[in-house]
1. If you rank Asp191, Asp35 by fewest surrounding Cβ atoms within 10 Å, what's the result?
2. What does the charge count around Lys64 come to, taking other residues whose C-beta lies under 11 Å from its C-beta (Lys +1, Arg +1, Asp -1, Glu -1)?
3. What is region 126-220's relative contact order, in percent, from Cα pairs under 8 angstrom and six or more apart in sequence?
4. Under 8 Å for C-alpha pairs, at least 6 residues apart: give me the relative contact order for region 2-118, rounded to a whole percent.
5. Order of 200-209, 166-175, 149-158 by packing, highest average Cβ count within 10 Å first?
6. For the chain, what does -39500 (n - 2.57) per DSSP helix run (n ≥ 4), summed and divided by total residues, give at 222 nm, in deg cm²/dmol to the nearest 500?
7. From the list [x] 1.06; [y] 0.97; [z] 1.11, can you say which value of Cα Rg over 2.2 N^0.38 Å was derived from the structure given?
8. Using only the alpha carbon atoms of region 126-220, find the Kirkwood hydrodynamic radius as the inverse mean reciprocal pair distance, in angstroms to one decimal.
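Nothing in this text is a laboratory measurement; each read-out follows from the coordinates by a stated rule. Every value quoted in this text rests on a predicted model; they were computed, and no experiment measured them. Positions of Cβ are generated from backbone atoms using ideal geometry, with glycine treated the same way; all protein chains shown enter the neighbour counts.
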Amino acid sequence: MRILIVEDEKSLADIIKKGLEEEGYAVDVAYNGEDGLFMAENEPSDLIMLDIMLPVIDGMTILKRIRKTGIKTPVLMLTAKDALMDKVSGLDSGADDYLTKPFLFEELLARIRALLRRNSEVKTSVIEIGGIIIDMATREVKRGGKQILLSPREYALLEYMAINKDMVLSRTSLTEHLYDQDFDLDSNVIDVFINRIRNKIDRGFDKKLILTVRGAGYILKG
């Protein structure tokens, strides 16, 4: 999953970015409202973390503008403000959730998981597809009662495909949602990761879960 952080407090933004990347998320960062608005409108994201007090363009203005243009990406407001009217204004302007600084990183992760589920067909933290069980809260994967060990990036790819099960996902789409804006879209890294995941989740089972759609991409079928 790919997350955009719009936060002018550079040290905080960098800490959040590092923590989220360690959890397997792809993260883009903008340190002012102008860059944040441009990236929100032009770079694909699965979730936007948006501070209210930003230089150049404030977060509330960004939120209103992206909602006006029809962008439905979940938005988690991050702010030091804790006044009730600030929260009401943010939610009324199209925010999906609100987190007041300072916050615990574990709470941030829980809010992110909840928002990503809310924006998909998946409404619980556990996904079951074709005998494979994916727990998005603990990041544990099992098939046939056996735990499958995946790297953070392998897990992120499998989780994204599970959330979008039975949909053909192109290599470009998978790359855009798993890597930040600086990644080379022409790389064959997705094919490499798909092969690694297949070796781990399909080995010893007759039913293969990840299928190649020639000329189109990959699909996870239940």
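1. Numbers: Asp191 13, Asp35 17.
Sorted ascending by nearby Cβ count, the order is Asp191, Asp35.
2. Details: positive: Arg65, Arg67, Lys68; negative: Asp58, Asp92.
Residues close to Lys64 contribute a combined charge of +1.
3. On the way: 101 pairs, mean separation 26.8, N = 95.
The value is 28 percent.
4. Numbers: 182 pairs, mean separation 26.3, N = 117.
Contact order relative to length: 22 percent.
5. Values: 200-209: 13.5, 166-175: 16.1, 149-158: 18.9.
Packing proxy ranking, top to bottom: 149-158, 166-175, 200-209.
6. On the way: 8 runs with 89 residues, N = 222.
Roughly -12000 deg cm²/dmol at 222 nm, from the helical runs in the chain.
7. [x]
8. Numbers: mean 1/r = 0.0733 Å⁻¹.
Every distinct Cα pair counted, the radius reaches 13.6 Å.
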